[in-house]
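A short write-up of the structure that comes next.
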Amino acid sequence: MHKLTVFTVLVLLAAAAANAVQITQVQTYGGEPLFSEVLTFEQFDDNGGAYTLNSIQIKLTLNANGGQFIFDNDGPEPVAGNWEFGAKGIIHSTDVTLLNSASVPVTAMAEALHTGTFALAANTGDTEHDYDPSAPDGMQYDAGFVSDTQADFVGSASWTTGTNGFLGIGSYDINLDVFSWLDCSAGSISFTFTPVLADGDVTIVYDYTVPEPATMVLLGLGIVFLRKKKIA
């Protein structure tokens with residue numbers, strides 16, 4: 001009982017001497033959708049097994065700014081509904097597995113969207129596809145800034161080592177696709193739009209533990225103590 005108590009205290013002291021550390025990598029992007037980019041990140045190097053990886057978090061941030069759309073009802077009847085306008089983005093990779101502990105994609109599609117409703121009168125006489133924003137059968141929307149962030153932790157089953165994994169001394173690629181988005185729920189509407197400008201970043205955070213020298217000293221003392229007690 002005495003040996004177990006002393007050794008437990010030494011282990012607890014050793015655990016307290018370990019430091020939690022984070023490595024954060026951020027790759028930015030931007031442009032007018034539609035575009036794709038390849039973002040490169042460094043693998044996690046465990047320093048020959050000296051470091052203990054606790055988690056890998058991935059965050060996708062998408063910002064949309066500006067842009068404009070015009071709706072014009074060309075039908076003989078009034079129309080009403082909902083609209084969405086902005087940009088969407090998604091990440092994928094052939095180098096690493098982007099799944100969480102439930103085998104679900106680590107980040108859902110990021111949706112930087114403005115939303116609203118419309119109620120347009122029947123066509124007042126303008127011709128099809130002239131995109132007249134004037135009321136009562138037309139409308140115009142000038143977009144501002146909107147942002148969305150999707151984040152999750154990579155499941156430990158996906159922490160693979162090697163050329164195409166999160167662990168090692170090399171790098172891996174994550175692919176990003178961003179595209180414009182305009183949607184409405186009425187079929188008789190003619191529309192035109194100027195795309196938003198999209199930008200943002202993909203962030204990888206490695207959370208890991210680094211033992212301090214005192215950790216190894218305490219563990220060594222614990223082993224020596226137990227050996228001495230065994231001899232005695």
State whether the residues of the range 87-100 include one that is modelled with pLDDT under 95, out of contact with any Pro (no Cβ under 7 Å at 6 or more places or on another chain), buried (at least 18 other Cβ atoms within 10 Å of the Cβ) and not acidic (Asp, Glu). no
Using the structure shown, decide if residue 139 is closer than 27 Å to residue 33 by Cβ and buried (at least 18 other Cβ atoms within 10 Å of the Cβ). yes
Look at residue 186 and say whether it is part of a loop (DSSP other than H, G, I, E, B) and either touching a strand residue (DSSP E or B) at 6+ places or on another chain (Cβ under 9 Å) or free of Cβ contacts under 8 Å to residues at least 40 places away in the same chain (or both). yes
Can you tell me which residue is nearest to the chain's Cα centre (by Cα) among those in the range 38-73 that are part of a strand (DSSP E or B), more than 30 Å from residue 84 (Cβ to Cβ) and among the aromatic types (Phe, Trp, Tyr)? 41
Out of everything in the range 174-232 that is at pLDDT 85 or above and of a type in the set (Phe, Trp, Tyr), what residue ends up being surrounded by the fewest Cβ atoms within 10 Å (Cβ to Cβ)? 179
Give me the pairs, please: first residue somewhere in the range 60-81 and assigned by TED's automatic domain parsing to the domain that holds residue 183 and of a type in the set (Phe, Trp, Tyr), second residue anywhere and surrounded by 15 or more Cβ atoms within 10 Å (Cβ to Cβ) and in a loop (DSSP other than H, G, I, E, B), beta-carbon distance under 7 Å, and either six or more positions apart or on two chains. none
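Please work out if residue 126 is surrounded by fewer than 15 Cβ atoms within 10 Å (Cβ to Cβ) and either in a strand (DSSP E or B) or of a type in the set (Asp, Glu) (or both).
Taking the combined requirement at face value, the residue does not satisfy it.
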Using the structure shown, decide if residue 187 is in contact with a Ser or Thr (Cβ under 9 Å, 6 or more places away or on another chain) and farther than 19 Å from residue 91 by Cβ. no
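The values are calculated or read from the model by the stated rules, or taken from the named source; none is laboratory data. In this text the structure is predicted, and so the values were computed from the model without any measurement. Don't worry about glycine lacking a Cβ; one is built from the backbone with ideal geometry, like all the others, and counts go over all protein chains shown.
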